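Every number here is computed from the coordinates shown, using simple stated rules; none is lab data. Keep in mind that this is a model prediction, so the values were computed, not measured. Here the Cβ positions follow ideal geometry from the backbone for every residue, glycine too, while neighbour counts run over all protein chains shown.
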């Protein structure tokens, strides 16, 4: 974390969830919320994490909200496409099982697999986009 405390990714992510009562480091109680956008500071891999960052030196907005929300807009567009694909696949799944009953169980399973592929594909594309932007513009997560 920016305060140099180290936690397991899953544990600290659960601790900092938006609906959680905790929005701070469990050890030093440093607030782990960006000042202007209000998003939670995400943990970094220990090997790639910058050294301790003073609160005054922290960016005011998260990585996605910097640049007048341009990154957030691209990610929102990518997410809208994913949701549209999922919606079509869910309708197809419903209509296939409605018309053919249990006979098409394998088709329904393949539609479910395709939905998971769409979700994984979106996550991979979003991660690749953010990684490319970080390399290109030298932006840190913090």
Solvent-free Debye scattering, log10 I(q)/I(0), computed from the Cα coordinates of the stretch 1-62 at q = 0.17, 0.20, 0.26 Å⁻¹: -0.53, -0.75, -1.30
Ranked 87, 61, 56, criterion: other C-beta atoms within 10 Å, fewest first: 56, 87, 61
Proxy reagent accessibility, fewest Cβ within 10 Å first, across 127, 24: 127, 24
D (Stokes-Einstein, µm²/s), Kirkwood Cα radius, the stretch 21-94, 1.002 mPa s at 20 °C: 141
